[in-house]
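Here, each number is a calculation from the coordinates, and none is a lab measurement. Because the structure is predicted, anything quoted here is derived from the model rather than measured. Quick reminder, even Gly has a Cβ in these numbers, built from the backbone with ideal geometry, and neighbours come from all protein chains shown.
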Amino acid sequence: MNRMESLAGRPWPRAVTDTALALLLTVGCLALPLAMPHGGPDLRATDAQWGVLVLLTTLPLAVHRLWPLPALLVMSAAAGVLQARHYVPDLSGPDGTSIGPTYLAVATAVFLTAARTTPRVAALVGGVLIPAAAVTEAVLAPSGHRVAALLTEAVLLIAAWALGRLARARAAIRDQALERAAALEREQAADARAAVMAERARIARELHDIVAHNVSLMVVQTIAADRVQDRDRDKAHELHGAIEETGRATVTELRHLLDVLRTDEEGPGDPSREPPQPTVEALPALVDSVRAAGLRVDFSTSGEPVELPAGSHLAVYRIAQEALTNTLKHAGRTRTALDLAWEPERERLTVRLCDDGPASDGEPVRPPLAAHGSGHGLVGMRERVGAVGGSLHTGSRPGGGWCVHAVIPLPVPEPRHEGHSA
C-alpha cells in the first residue's frame, strides 16, 4: 500500500503519514506519566533511560516505509523494556486492563508492516512476532493476570495484523480494477482506430476510382481535341474547357484523398504537413548545420542545374541528409566530400558522398543494406532513389572510409506535336 488515505479522501504520501503518527505517539508516551491518576499503579520515576526508550518505541515509525520489519522489531523490543523496567502500566494487572500509547505504537507498527510488506514477511510477523510478544507480555504480567495479559496482547496485535492484510488486499483489488479499466480503454481506443482506418481505406478506394476515371477521361478528351482541332476549332475549344474542368475536379479529389489518408498521429509539426519540402537549393544550409556539429564537409557542384520534379528534389536532399548523418554517427568528426554533378547530356544527376573514416585505425561500423526494410537508414535511401527511377551504390573505400553514390535521372522534355496525334 503506497499511500494512506486522509480524512478528506485525498492521498497522503507515506513519509508524511509515518512522521505524523510517530510524532503523535511520541507526545502520547511522553505525556503518559502526567496523565496517571493518583493512587494508580506503582511506576518507576521518569529519567533519561525512560526518555530514550520512549523515543525508540515511537520514532522508528517515521522510517517504517524504508525498513518495515527492523522498525517493528526495534519498537517491540523498546516497548518490552519499558514494561520490564516498570515505566508503563501492565497491560493487564490488579488495576484492570490498560492499553496505553506504548502498546498502540507497537500495534500501529504491526498494522503498517502487514499492509506494506510481502505475504512472506507478513506471515513471519503473524506467526512468530505476535506469539512472541504475547508470551513476553504474559511473563512480565503480575501473577494471576498472565493469561489475561497474553490474550489481550494477542487480540490487540492480531486485530492490527488482520486490518493491515485487509488493507493490502483492498489496495491490490483496486490496482487490478484500475489496470483492467486502463486495458479496456486501450482496447476500445484501438478498436476505434481500426474502425476509422478501415473506413478511411474504403473512402480512399472510392476516391481512387474517381480520380482514375477522371484521368482516363482527360486522356480521351485530349486525344479528341487534338484530332478535331483543325476541322472544328469551336469543338476543340469546348473539349479543352471540359479537360480543364475535369482536371480541376481531379485535383480536388486528390486533395480529399490525401486528407483521408492522413492519420491522427500526424501532429501539426509532422513534416508531411509542412510544405514546401526541402529541395536541392537547401543543401548548403544542410551542410552548414552538419559543419556546426563538427563534421568537416567539402561541398561542390558541377554542371548546369536543370528543373527537377518535386520528388527528385526531395530524394536528393534526403539522401544527402541521411548520408551525412550516418557519417557523423559512425565515423565521427571526419572529413567528408559531398559532390553534386549535373549531367544533362547523360540525363542524370549524380550525388556522391565519401568520408575518410574514423580518426582511429578501426573501420566504421555500418549497418548492412538489406533487400527489404522499414524505410530507415540505407534502406530508406535505396527506397527514395528507386521511387524516382534512380540507382544507389554504397560501400567502403579501398583506402578507408565509406561512399554513397546515387544517380537520379533528369527529366527529358517531351516534343510537342502539332496537328493530329500519331
Extension length gain for ARG248 and VAL16 (0.36 nm per residue less Cα distance), in nm, is 76.6 nm
Sort segment 277-409 into rounded, prolate or oblate with this rule: let a ≥ b ≥ c be the square roots of the eigenvalues of the Cα gyration tensor; rounded if a/c is under 1.5, and if a/c is not under 1.5, prolate when a/b is larger than b/c, oblate otherwise.
prolate
Report, by chain and number, residues whose modeled amide H sits under 5 Å from the one on THR336, excluding near sequence neighbours (fewer than 5 apart, same chain).
ARG296, VAL297, ASP298
So if each residue of separation counts as 0.36 nm, and I subtract the Cα-Cα distance between LEU217 and ASP339, what length gain in nm does that give?
39.5 nm
Assuming R0 = 60 Å, what is the FRET efficiency of GLU187 and ASP47, from their Cβ-Cβ distance, to the nearest 0.05?
0.35
Please report the antiparallel percentage of DSSP beta bridges with both residues in segment 277-409, rounded to the nearest 5.
75 percent
Stretched out fully, how many nm does the piece from ARG120 to VAL81 gain, at 0.36 nm a residue minus the Cα gap?
11.3 nm
Volume per residue (Å³) of the convex hull spanned by the alpha carbons of segment 171-229 is 42 Å³
Express the relative contact order of segment 3-183 as a whole percentage, based on alpha carbon pairs under 8 Å and six or more residues apart in sequence.
19 percent
